[in-house]
1. Return the value, in Å² to the nearest 100, of accessible area buried between chains B and A (probe 1.4 Å, both sides summed).
2. Would you look at the GNM of chain A, springs on alpha carbons closer than 10 Å, and say which of A:47, A:60, A:12 moves the most?
3. Mind grabbing the accessible area of residue A:55 for me, 1.4 Å probe, Å², rounded to tens?
4. Using mean Cβ contacts within 10 Å as the protection proxy, how do B:9-17, A:105-113 order, highest first?
5. Dipole magnitude of the protein assembly as shown about its Cα centre, charges +1 at Lys/Arg Cβ and -1 at Asp/Glu Cβ only, in debye to the nearest 20?
6. Measure off 7 Å from each Cα along the Cα-to-Cβ vector at residue B:12 and residue B:38, then give the distance between these two points in nanometres to one decimal.
7. In terms of modelled amide H atoms, which long-range or inter-chain residues lie less than 5 Å from the amide H of residue A:17?
8. Along the positive direction of the dipole of region B:5-102 (beta-carbon charges: Lys, Arg +1; Asp, Glu -1; about the Cα centre), which of B:49, B:73, B:24 reaches farthest?
Amino acid sequence: DSGVTQTPKHLITATGQRVTLRCSPRSGDLSVYWYQQSLDQGLQFLIQYYNGEERAKGNILERFSAQQFPDLHSELNLSSLELGDSALYFCASSVGFFRPASEQYFGPGTRLTVT
Amino acid sequence: TQLLEQSPQFLSIQEGENLTVYCNSSSVFSSLQWYRQEPGEGPVLLVTVVTGGEVKKLKRLTFQFGDARKDSSLHITAAQPGDTGLYLCAGQSGAGSYQLTFGKGTKLSVIP
């Protein structure tokens with residue numbers, strides 16, 4: 001158990017809909033990262049928050065957005081869903097920005113199926 | 001864009017055999033992490049290597065970071081069925097953000 005929790009575990013929805021995925025980081029971790037894993041693309045970084053502020057953006061679509069709340073939990077919002085958005089979505093957390101490495105611990109993921 | 005190439009993509013071996021998985025890039029990373037992932041679960045961190053030439057051992061697993069910090073390898077001695085899984089390498093550039101760039105992974109099957 002990494003200490004990172006994600007809900008829900010599974011989500012099935014229709015095209016055009018909007019969903020919210022939730023993540024609670026490990027106790028004491030200030031940084032939250034979101035990743036998408038699909039069969040053809042592997043694990044792709046989406047976005048990072050540090051102590052409530054957006055820190056970095058990766059290949060995140062404009063239809064997707066995220067935020068980190070004062071209690072440090074984070075939500076990833078996916079809207080106008082398309083079939084191609086079906087994937088595993090992972091949240092990871094780390095303590096912060098310590099050089100030379102900031103080890104990330106992953107949650108169990110949310111499997112999103114868009115029908 | 002930083003890319004990490006992992007090889008081989010698939011590996012099926014008998015219990016007791018040794019194996020090596022490679023992770024290569026043309027980019028320099030400030031650190032490199034190895035993860036193992038089971039189907040439908042999140043990646044589990046195995047090790048982080050930081051210094052060029054660094055070697056770390058975790059029981060039967062040996063991890064090495066290349067001198068130039070562009071490549072890494074994972075060697076498993078006397079593989080066991082419990083080693084079966086997807087092995088992922090991931091690099092951090094350390095340039096202001098610590099997002100991970102992942103390789104596509106090596107799917108290992110150890111046959112009893």
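1. On the way: alone 6120 and 6450 Å², together 10720 Å².
Looking at B and A, the buried total is near 1800 Å².
2. Maximum fluctuation in the GNM of chain A, among the listed residues, is at A:12.
3. Rounded to the nearest 10, the figure is 120 Å².
4. Ranked by mean Cβ neighbours within 10 Å, highest first: A:105-113, B:9-17.
5. My answer is approximately 160 debye.
6. Using points 7 Å along Cα→Cβ, the separation is 2.2 nm.
7. A:81
8. So the residue we want is B:49.
The values are calculated or read from the model by the stated rules, or taken from the named source; none is laboratory data. Predicted, not measured: the structure shown is a model, and the values here were computed from it. All Cβ positions, even for glycine, are placed from backbone atoms using ideal geometry, and neighbour counts span all protein chains on display. Accessible surface is based on the protein model in full, side chains and every heavy atom, while ligands, DNA and RNA are left aside. Shrake-Rupley method; radii C 1.70, N 1.55, O 1.52, S 1.80 Å.
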